[in-house]
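Data first, discussion second: the structure below is written as structure tokens.
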Amino acid sequence: MNILAFGPNGSGKGTQGAIVKEKHGMDHIESGAIFREHIKGGTELGKKAKEYIERGDLVPDDITIPMVLETLGKSKDKGWLLDGFPRSLAQAEALDKALNESGMGLDYVIEIVLDRQVAKDRIMGRRLCANDNNHPNHIAFEAIKPVEKDGKLVCRVCGGELSARADDQDEEAIGKRHDIYYDDNTGTMAAVNYFKNNSSAKVISVDGGPSIKEVSALIMKEL
Ligand code: AMP
């Protein structure tokens, strides 16, 4: 099963992606997480991407598109849930072309709809687990609240160290990421509309406002 997941930063897209992955066993591919791995590992690609990510700008397509398409190809047999890509109309067109050429189908498009201000408030409270990107933690959500150990907040799933992403604490960077997301001319909303209008995939549009459990139940019912 192949799925595209859309939603503004802070909408719970990563959390819902981790739940779908757990249930259906496909690979969860997050473009942002791949970049962060490269930065952590000090690779050439990571060095090139770092400055864009810190500012909240898109990493250029000549770096991003081949990186994501290569990762997708590796998950062809297992299936994938792609999160964070495409983020623009140009990326949507490149992905569509690559899917057609490779014979990979697209089964579902999940869109989590959330007001911009609500999304912004949510971003600042999320925390990253050092051991596993699929361990969501958020200081404001009871269901995924980190736990306290020796006076420190640690991952509620594995006890791993937690950190806050620098671009999640920078209001200017958050603003830029949301400008890109809500742009329905050439930005991410244009990519959402592209797949809504040009693909035979089933579209699941859900309100991201309710609790994690409620949103997940709505998605699971449709998958
Ligand atoms: P995310 O974890 O999805 O919030 O992504 C973090 C950052 O990685 C973004 O703000 C961009 O700088 C970069 N990034 C992630 N996905 C893409 C993409 N599809 N195209 C360009 N840049 C991306």
Restricting attention to the range 62-86, which residues are of a type in the set (D, E, K, R) and touching a helix residue (DSSP H, G or I) at 6+ places or on another chain (Cβ under 6 Å)?
-> D83
Search result, residues across the range 165-178 that are acidic (D, E) and more than 11 Å from the ligand (Cβ to nearest atom) = E171, E172
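How about the range 13-60: which of its residues are within 20 Å of A190 (Cα to Cα) and of a type outside the set (V, I, T)? Reasoning before the result, please.
Keep residues of the range 13-60 that are within 20 Å of A190 (Cα to Cα), which gives 13, 30-32, 56-60.
Of everything in the range 13-60, those that are within 20 Å of A190 (Cα to Cα) and of a type outside the set (V, I, T) turn out to be K13, E30, S31, G32, G56, D57, L58, P60.
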Helices (runs of 4 or more DSSP H) lying entirely in the range 141-222 (those with 1 or more residues that are surrounded by 14 or more Cβ atoms within 10 Å (Cβ to Cβ) and touching a strand residue (DSSP E or B) at 6+ places or on another chain (Cβ under 6 Å)) | 188-198, 212-222
In the range 83-97, what residues are surrounded by fewer than 19 Cβ atoms within 10 Å (Cβ to Cβ) and not aliphatic (A, V, I, L, M)?
-> E93, D96, K97
Kindly indicate which of L69, L162, L106, L153 is in contact (Cβ under 8 Å) with a residue 12 or more places away in the chain and within 30 Å of K221 (Cβ to Cβ).
-> L106
If you take the residues of the range 117-134 that are crowded, with 16+ Cβ neighbours inside 10 Å and in a helix (DSSP H, G or I), which of them is modelled with the highest pLDDT?
-> A119
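Would you check which residues across the range 52-83 are basic (K, R) and within 12 Å of the ligand (Cβ to nearest atom) and list them? Spell out the reasoning first.
So in the range 52-83, the residues basic (K, R) come out as 55, 74, 76, 78.
Matches in the range 52-83: R55 only.
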Pick out the one residue from E44, E101, E111, E22 that is within 17 Å of the chain's Cα centre (by Cα), surrounded by fewer than 14 Cβ atoms within 10 Å (Cβ to Cβ) and away from the ligand (no atom under 14 Å from the Cβ).
-> E22
From D83, D167, which residue is farther than 24 Å from N185 by Cα and either touching an Asp or Glu at 6+ places or on another chain (Cβ under 9 Å) or at pLDDT 95 or above (or both)?
-> D167
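The values are calculated or read from the model by the stated rules, or taken from the named source; none is laboratory data. Keep in mind that this is a model prediction, so the values were computed, not measured. FYI the Cβ positions are ideal-geometry reconstructions off the backbone, even for glycines, and counts take in every protein chain you see.
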